Amino acid sequence: MTPELIAMLGGGVSGFIMKFIAQQAQSQTRLFEQMLKKQKMADASADKAASRGGAWMRRAITFFVMFAIIIVPTVLAFTDIGVSVQKETNGLLGLFKGVKWETVNGYVILPEVRQTALAIIGFYFGSSQVK
């Protein structure tokens, strides 16, 4: 190979590498600008959501769940109000299953109410740890 050919190939390769690096830098700049725009839009959306009054709704839900878990069972413990609950029964040698209804005195706390209470407690204690 002649020195002119080597110089031409070397120039071509180095030009390609420099152009590639410049395009990568330009691509990262555009990506960064898009991320900034996206973050501004997310901040604006969060500000709109915060101004809708969602805090009062969360407080109302919390109040009613705690009311259903703490106050209602206490009040109903002193009354004779019956609650019907469903119980599965095993029939003949466990082959035929049936449903039986029984009336119990007191107040039944459903698993959904307990899960909601756990979520509320976790949310409030978790958010207090962040502050």
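Derivation of every value follows stated rules applied to the coordinates shown; laboratory data play no part. Worth saying up front: this structure is predicted, and the values here are computed from it rather than measured. So basically every Cβ, Gly included, is an ideal-geometry build from the backbone, and we count neighbours across all protein chains shown.
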By residue number, the members of segment 2-16 that are among the hydrophobic types (A, V, I, L, M, F, W, C) and either at positive phi or surrounded by 10 or more Cβ atoms within 10 Å (Cβ to Cβ) (or both) are Ile6, Ala7, Met8, Leu9, Val13, Phe16
Given the conditions (1) under 47 Å from the mean Cα position of the chain (by Cα); (2) surrounded by 10 or more Cβ atoms within 10 Å (Cβ to Cβ), which single one is not true for Lys48? (2)
Regarding segment 82-95, can at least one residue be identified that is over 24 Å from the mean Cα position of the chain (by Cα), aliphatic (A, V, I, L, M) and surrounded by 10 or more Cβ atoms within 10 Å (Cβ to Cβ)? yes
Here are the criteria: (1) surrounded by 10 or more Cβ atoms within 10 Å (Cβ to Cβ); (2) assigned to a strand (DSSP E or B); (3) not hydrophobic (A, V, I, L, M, F, W, C). Tell me which single one Gln115 does not satisfy. (2)
Return the only residue of Asp43, Asp47 being under 24 Å from Tyr124 (Cβ atoms) and among the acidic types (Asp, Glu). Asp47
